[in-house]
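Below is one structure, written out as structure tokens; the observations come after it.
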Amino acid sequence: MSIEGKAKEAAGYIKEELNEHGKSPVSQKKAQEGRDLRNEGRAEDGKAPKTNEPGTDA
């Protein structure tokens, strides 16, 4: 587990959480960028990407 991977995952999670409930296209785009960043960090650490719906913990 790399520090960089953990940082990307955490930053992506925060960006997604801050923007996922916005209805504007800009908010939705930022939420998707957060998901992509989070999954990039997870991949660097050898974890599977999160594919569940935002806001669920399944």
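For the chain, find the longest principal axis of its Cα atoms and tell me its angle to the long axis of helix 25-44, 0 to 90°, nearest 10.
Rounded to the nearest ten degrees, it is 10.
How much accessible area per residue does the chain have, in Å², with a 1.4 Å probe?
Computed with neighbouring chains in place, this is 70 Å² per residue.
Calculate the spin-label point distance for Ser2 paired with Glu40, positioning each point 7 Å from the Cα along the beta-carbon direction, and give it in nanometres.
With each label placed 7 Å out from Cα toward Cβ, I get 1.2 nm.
222 nm [θ] for the chain, helices only, -39500 (n - 2.57) per DSSP H run of 4+, per residue, to 500? Mind showing how you got there, number by number?
Details: 2 runs with 37 residues, N = 58.
The helix-only estimate for the chain comes to -21500 deg cm²/dmol at 222 nm.
Taking Cα atoms, how many degrees apart are the long axis of helix 3-19 and the longest axis of the chain, rounded to 10 and kept between 0 and 90?
10
The values are calculated or read from the model by the stated rules, or taken from the named source; none is laboratory data. Note that this is a predicted model, so its numbers are computed, not measured. FYI the Cβ positions are ideal-geometry reconstructions off the backbone, even for glycines, and counts take in every protein chain you see. Side chains included, ligands, DNA and RNA excluded: accessible areas come from the protein's heavy atoms. Shrake-Rupley method; radii C 1.70, N 1.55, O 1.52, S 1.80 Å.
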